[in-house]
Amino acid sequence: WPSYVDTIRPIYEPEELTAMFGVSTEDEADLLKNILGSGFRDQEMRYVEYLDLDSNHDLVRVTAKKEWDFTPKNWEERAVPLPHALMERLKKRKERKKARPHDLIFGNTRGNPDSEMDMVVKRVAERAGLNCGRCVTEHGNKCAEGPYCMNFFLHKFRHTFATNHL
């Protein structure tokens, strides 16, 4: 028998999602809704380009990006169906940002992969008043004093996506 316990994966409750989307900026909501609607991993969301979107079939592709030295987990490229409303949201984002096909959808202000996506979740959760007030990070940051609550993180959206689809 296995010598470990496979823990229950944490998910966002509907009330938490409502509160978070209620205080999100348009750009933050774009990111959070896309992670929730696609089930993408952090790295996959970081490197998705507008060119990866297939709006005719409401699909987004996870593909290797040599220029960013990115390969999908297990080297498996795939196409993921998106809700139509989410695809429409991405098309509006492209227009709003005046983006080119090879631009990253969720790049940072310089157009590079954004390594701070997890902090977006933590900032939104704090603004929504969802911090537990008890967390202390390994660096001594307290969630009672800022966006450091360990109950809110990007990968939890993937868990929520999977649970909802089960």
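Of note:
- On Cα atoms only, tilt of 26-38 relative to the major axis of the chain in degrees: 90 degrees
- For the stretch 54-110, with +1 on Lys and Arg beta carbons and -1 on Asp and Glu, the positive-most of Gly107, Pro81, Val60 along the dipole: Gly107
- Rounded accessible area of Thr25 (nearest 10 Å², 1.4 Å probe): 70 Å²
- Placing +1 on the Cβ of every Lys and Arg and -1 on the Cβ of every Asp and Glu, with no other charges, gives the chain a dipole of roughly 260 debye about its Cα centre.
- Leading residue at positive end of dipole, the stretch 23-166 (Cβ point charges), from Ala162, Gly146, Phe40: Gly146
- Of the whole protein surface, Glu145 contributes about 140 Å² of accessible area at a 1.4 Å probe radius.
- Between 0 and 90°, nearest 10: helix 84-97 axis offset from the chain longest Cα axis: 80 degrees
- The chain, accessible surface, carbon-and-sulfur percent (1.4 angstrom probe): 51 percent
- Accessible surface ranking that places the most exposed of Arg9, Arg123, Arg93 first, with a 1.4 angstrom probe: Arg9, Arg123, Arg93
- Here r is the Cβ-Cβ distance between Asp103 and Lys142 and R0 is 45 Å; the resulting FRET efficiency, rounded to 0.05, is 0.75.
- Cut-off 15 Å (backbone N to label point 7 Å along Cα→Cβ of Arg78), residues of the stretch 122-166: 158-166
- Shown are Lys97, Lys92, whose ranking by accessible area with a 1.4 Å probe and every protein chain present, most to least, is Lys92, Lys97.
- Expected 222 nm ellipticity per residue - DSSP helices of 4 or more, -39500 (n - 2.57), all of the chain, to 500: -11500 deg cm²/dmol
- Over all orientations, the chain has a Cα convex hull whose mean projected area works out to 12.0 square nanometres.
- The candidates His102, His155, arranged from most to least accessible area with a 1.4 Å probe in the full protein assembly, appear as His102, His155.
- Using heavy atoms of the protein chains and a probe of 1.4 Å, the accessible area assigned to Val60 is about 10 Å².
- Acute angle (nearest 10 degrees) that the helix 117-127 long axis makes with the longest principal axis of the chain, alpha-carbon atoms: 50 degrees
- Cβ distances below 4.7 Å define possible disulfide partners, and in the chain the cysteines left without one are Cys132.
- Gain in span if fully extended, Thr71 to Arg96, counting 0.36 nm per residue against the direct Cα distance: 6.1 nm
- Residue pairs exceeding 27 angstrom between C-alpha atoms, taken from Lys98/Lys156; Lys65/Lys98; Lys66/Lys91; Lys94/Lys122; Lys33/Lys73; Lys73/Lys98: Lys98/Lys156; Lys73/Lys98.
- Restricting the stretch 133-166 to chymotrypsin sites (Phe, Trp or Tyr not before Pro) in coil, as DSSP defines it, with at most 10 other Cβ within 10 Å: none
The values are calculated or read from the model by the stated rules, or taken from the named source; none is laboratory data. Source: prediction; values computed, not measured. All Cβ positions, even for glycine, are placed from backbone atoms using ideal geometry, and neighbour counts span all protein chains on display. Remember, those area values only see protein heavy atoms, side chains included, never the ligands or the DNA or RNA. Shrake-Rupley method; radii C 1.70, N 1.55, O 1.52, S 1.80 Å.
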